[in-house]
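Asker: So that we are looking at the same thing, I have put the structure below in structure tokens.
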Amino acid sequence: MVAARSRVLATGAFRPISDAIATQTIALLKLAGKRSCAVLDAGCGEGSYLHALASALAAHPELEARLAGIDISKWAIQSATKRAATATFLAVASNRHLPFRKEKLDVIVSLFGFPLWDAFAPTQPPCAHVLLVDPAPDHLKELRTIIYRNVRKTQPPRLDAALASGYRQADEQRITFSFDLEPATLIADLLTMTPHAHRATAEGRATLATKTRLALTGDVVMRTLVKSAA
Ligand SMILES: C[S@@+](CC[C@H](N)C(=O)[O-])C[C@H]1O[C@@H](n2cnc3c(N)ncnc32)[C@H](O)[C@@H]1O
């Protein structure tokens, strides 16, 4: 799973997502106007998005941004360690028990992750932000058309738990893009890195295995949440 995700992300197919995350994070940090700030990728996986964010922040030394990534998977953090800058703090940890002091994190990024809002809230000062990226209804629709008999248009997760923990939604951006993936081994990797790997029909898998090139749609929603001032 970790290696498959690394190979797919290395193609640059999901670059529109990492670009959007970098642009929004930098905008939020500028808005905060602090002399130094801390950003966490919660559930950073094998670290490609964290690495892209570090590169973008390196062009803004005035923000003095310190970066961290945590993931519950030891294998993911081992992989992230190989590509991360030495200044990036990485740890095997759960979103449930974040290894950060109270009100330390100015921005938490959660990409295709499992945010735990009641655990996030104490680690952030008032007016701090969470950037949430989740699949939108057309994400990888061509892949899903092959592997399922009926393709559902799933909506991004609801934010009730975030609201209950003192966050409110401040912004929402839909990021839709096209990309081609080849050869067959990378198409298999794409399936492996998604939750669809466990749900695909046997027939669907067999059909997918015959494909050597796929034209795909990426479709995600990036939501910005802000922690209440009080
Ligand atoms: C779908 S992957 C996304 C990884 C990465 N954010 C990306 O987009 O490439 C979800 C990640 O969340 C991690 N994860 C699952 N539950 C977690 C938890 N409670 N705390 C921290 N990480 C968790 C998994 O190990 C996995 O690396």
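The values are calculated or read from the model by the stated rules, or taken from the named source; none is laboratory data. Just so you know, these numbers come straight off a predicted model, no measurement behind them. Quick reminder, even Gly has a Cβ in these numbers, built from the backbone with ideal geometry, and neighbours come from all protein chains shown. Only protein heavy atoms, including side chains, enter the accessible area calculation; ligands, DNA and RNA are left aside. Shrake-Rupley method; radii C 1.70, N 1.55, O 1.52, S 1.80 Å.
Asker: Which of these, SER18, SER48, SER178, has the largest mean-square fluctuation under a Gaussian network model of the chain (Cα springs below 10 Å)?
Answerer: Result: SER178 has the largest fluctuation of those listed.
Asker: Further question: Report in % the part of the accessible area of the chain that belongs to carbon and sulfur, leaving out ligands and nucleic acids; probe 1.4 Å.
Answerer: Carbon with sulfur: 56 percent of the solvent-accessible area.
Asker: Which translational diffusion coefficient, to the nearest whole µm²/s, is obtained for the range 171-230 from the Stokes-Einstein equation, given a Kirkwood hydrodynamic radius over C-alpha pairs, 4 °C and 1.567 mPa s? Can you show the working numbers first?
Answerer: On the way: Rh = 13.9 Å.
Once the numbers are plugged in, D ends up at 93 µm²/s.
Asker: Still on this structure, please answer the following. With runs of 4+ DSSP H residues as the only contributors, calculate the mean residue ellipticity of the chain at 222 nm using -39,500 (n - 2.57) per run, divided by the residue total and rounded to the nearest 500.
Answerer: Numbers: 9 runs with 81 residues, N = 230.
That comes out to -10000 deg cm²/dmol.
Asker: Here is a further query. For the pair ARG101/SER55, report the inter-label distance in nm, with labels modelled 7 Å from Cα in the Cβ direction.
Answerer: 3.3
Asker: For the chain, set up a Gaussian network in which alpha carbons nearer than 10 Å are linked by springs, and say which option among ALA65, ALA209, ALA136 fluctuates the most.
Answerer: ALA209
Asker: Let me test this: with uniform point scatterers at the alpha carbons of the range 97-136, what is the Debye-based log₁₀ I(q)/I(0) at q = 0.19 1/Å?
Answerer: -0.52
Asker: Still on this model: With the other protein chains left in place, how much accessible area per residue, in square angstrom, belongs to the chain at a 1.4 angstrom probe?
Answerer: 50
Asker: Taking 7 Å along the Cα-to-C-beta vector as the label spot, tell me the TRP75-ARG205 distance in nanometres, rounded to one decimal.
Answerer: So the label points at TRP75 and ARG205 sit 1.6 nm apart.
Asker: In a GNM of the chain with a 10 Å cut-off on Cα contacts, which of LEU191, LEU208, LEU31 has the highest mean-square fluctuation?
Answerer: Highest fluctuation of the listed residues: LEU31.
Asker: Using only Cα atoms, figure out Rg for the range 151-195 and give it as a multiple of 2.2 N^0.38 Å.
Answerer: Its radius of gyration relative to the 2.2 N^0.38 Å reference: 1.75.
Asker: Same structure again: What do you get for Rg/Rh of the chain when both radii come from the Cα atoms and Rh is the Kirkwood radius?
Answerer: 0.98
Asker: So if R0 is 41 Å, what FRET efficiency would THR212 and ASP160 give, r being the distance between their Cβ atoms, rounded to the nearest 0.05? Please list the in-between numbers first.
Answerer: Details: r = 43 Å, r/R0 = 1.05.
The calculated FRET efficiency here is 0.40.
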